[in-house]
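This report concerns only the one structure given below.
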Amino acid sequence: MSVTTQREVENPLVEGLERLPVHPTTLVIFGATGDLANRKLLPAVYNLAHEGALPERFQLVGISRSEMSHDEFRTMAKEAITQFSRRAADADVLDALLTDVRYLPGTFNDEDVYGRLTETLDCYDQEAGRPQNRCFYLSTAPSFFPVIVERLGHHQLARHKGADVRIVIEKPFGTTLEEALELNKEVLSVFQESQVFRIDHYLGKETVQNMMAFRFANGLFEPVWNRNYIDSVQITAAEDLGIGSRAGYYDQAGALRDLVQNHMLQLLCHVAMEPPVHFTADEVRDEKVKVLDAITAPTVDTVADMAVRAQYTAGSVGGEDVRGYLQEEGVPETSTTETYAALRLEVQNWRWAGVPFYLRTGKRLARKVTEIAVELKPVPHLAFQADGSVGPRPNVLVLTLQPNEGVSLSLGAKIPGTRMRIRPVNMEFLYGTAFLSQSPEAYERLILDAMRGDATLFTRNDEVEAQWRIIDPIISAWHDQGGPVPQYEAGGQGPVEADRILIGDDHWRTI
């Protein structure tokens with residue numbers, strides 16, 4: 001074995017998931033005619049097929065309430081893939097993928113559906129001459145999660161002798177801590193934890209995964225990645241769109257449940273976690289749980305000092321006049337649901353004690369951007385005060401997740417001329433120009449990992465519960481508080497009330 005190969009074996013970051021095989025698998029999508037399946041799941045499966053990433057023997061089964069035949073479902077799937085795939089649809093790949101597709105109409109509590117599903121899966125096994133792995137994807141309303149899980153268990157579909165069975169559960173995983181605990185109890189009464197893949201599509205994004213490579217594959221940053229050098233961390237997930245046609249869901253969820261409880265706390269974990277000893281699913285998730293456990297859960301009395309909510313009012317976004325949240329179709333006039341949420345959290349451990357983590361998300365803000373900004377402490381002595389110089393500014397490392405994926409670092413540099421004048425400049429790395437290739441969709445990576453049985457990018461039961469323990473007191477406090485809710489004009493930077501949770505000279509970055 002050469003030296004290089006030996007190092008590759010020893011380095012957990014180099015032991016790529018590409019080395020893991022994908023065994024013959026049948027993917028069953030519950031809710032196969034829904035919006036998520038059409039826009040994300042079916043195109044993701046097609047792109048995996050186009051890349052040759054699916055196993056040689058792969059079957060797809062759709063289950064939904066819509067009455068249609070196998071051929072009608074194939075036609076619908078072709079249309080969805082053609083419209084939403086990130087790459088042009090190839091007729092040969094499409095035909096090969098969808099030739100043997102099966103569709104089972106019926107309600108999710110219909111015993112007959114699961115009887116026909118069992119027959120279909122057994123038929124695939126007989127054709128293959130061996131048991132095939134089974135992966136159940138729950139792309140349904142959350143109220144159906146326990147129903148489907150219970151029926152799968154009742155029909156002995158949670159186990160398959162000679163093969164693996166896995167279940168993928170979409171978010172939201174509960175709407176409160178109590179609901180999350182109950183759902184975990186129901187799921188784990190049928191499936192083992194190793195079989196359960198709770199999906200958070202943010203974790204499938206290349207830029208989120210690259211955060212671990214950025215932190216743990218570069219010795220440059222580790223010496224300053226702590227409370228001695230970092231002044232604050234700011235995580236922003238801003239959207240310029242409103243709620244569209246999602247009023248029914250969104251008014252029950254709000255910004256806190258929709259983004260902060262899952263996506264944004266996961267981003268915080270990636271920033272703050274310690275390096276795992278090995279890059280395995282449980283060791284990575286162990287480190288993330290330690291971060292969540294180190295965040296002191298707020299109390300009803302402390303919520304006002306560390307959390308802010310607001311609703312957007314009428315305004316202008318991108319030169320277009322838009323209506324306020326309470327005027328959106330389907331939103332009650334008396335709704336107190338937040339479309340903007342900002343939090344200040346602290347990770348009380350040796351590395352991060354005293355460093356504020358600011359999280360904010362909102363609808364109808366100035367632009368769409370998701371970023372993590374790590375601001376370092378300023379230099380101790382400001383010697384450069386010449387006229388025309390802005391002087392040294394704190395270095396800021398910005399990891400942009402969307403829309404322009406990349407990393408930038410602001411540095412102080414001398415302005416050309418005869419005087420010592422300083423202003424910030426940026427060093428930038430952009431994915432599009434660095435790799436000259438299109439990043440795969442998050443669902444492509446996550447579906448493939450679920451079929452492989454690699455849970456690194458999925459949340460574990462204790463991780464979900466730890467996230468809810470942080471968010472639940474805020475939800476309770478806001479519920480008890482009632483209205484009126486602070487407001488901000490659509491197309492702006494958010495509510496002025498958000499400034500009250502900032503510490504010292506901290507300020508919100510311009511969106």
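No value in this document is a laboratory result; all are computed from the given coordinates. Everything quoted here is computed from the prediction, not taken from an experiment. All Cβ positions, glycine included, derive from the backbone under ideal geometry; neighbour counts span all protein chains shown.
Coupling constants for the range 417-426 follow from the phi torsions by the Karplus curve (6.51 cos²θ - 1.76 cosθ + 1.60, θ = phi - 60°), and in residue order they are x, 8, 10, 8, 10, 10, 8, x, 10, 10 Hz; glycine and proline get x. The alpha carbon gyration tensor of the range 249-351 gives principal lengths a ≥ b ≥ c with a/c of 1.5 or higher and a/b greater than b/c, which makes the shape prolate. With 26 Å as the limit, the listed pairs LYS171/LYS290; LYS171/LYS363; LYS377/LYS414; LYS171/LYS288; LYS368/LYS414; LYS205/LYS377 have LYS368/LYS414; LYS205/LYS377 beyond it between alpha carbons. For the range 498-511, backbone phi angles converted through the Karplus equation (6.51, -1.76, 1.60; θ = phi - 60°) give residue-by-residue couplings of 5, 5, 6, 8, 6, 10, x, 8, 4, 8, 6, 5, 5, 7 Hz, Gly and Pro being listed as x. Relative to the longest principal axis of the Cα atoms of the chain, helix 70-84 runs at roughly 20 degrees. Between SER69 and MET427, the modelled labels are 6.3 nm apart [label points 7 Å from Cα along Cα→Cβ].
Dipole orientation for the range 391-511: of the candidates PRO416, HIS479, MET451, PRO416 has the Cα lying most toward the positive pole (charges on Cβ; Lys, Arg +1; Asp, Glu -1). Here LYS40 is the anchor, and the aspartates and glutamates within straight C-alpha reach of less than 14 Å, apart from those fewer than 8 places off in the same chain, are GLU79, GLU170, ASP200, GLU441, GLU444. Along the charge dipole of the range 43-136, which of HIS50, TYR124, ASN109 sits closest to the positive end, that is, farthest toward it, with unit charges on the beta carbon of Lys, Arg, Asp and Glu (+1, +1, -1, -1)? Ranked along the dipole, the leading option is HIS50. Remark: the chain carries a charge dipole of roughly 1380 debye about the Cα centre, counting +1 on each Lys and Arg Cβ and -1 on each Asp and Glu Cβ. For the chain, the calculated P(r), taken from all Cα-Cα distances in 10 Å bins from zero up to the bin holding the longest distance, is 3, 17, 26, 26, 18, 7, 2, 1, 0 percent.
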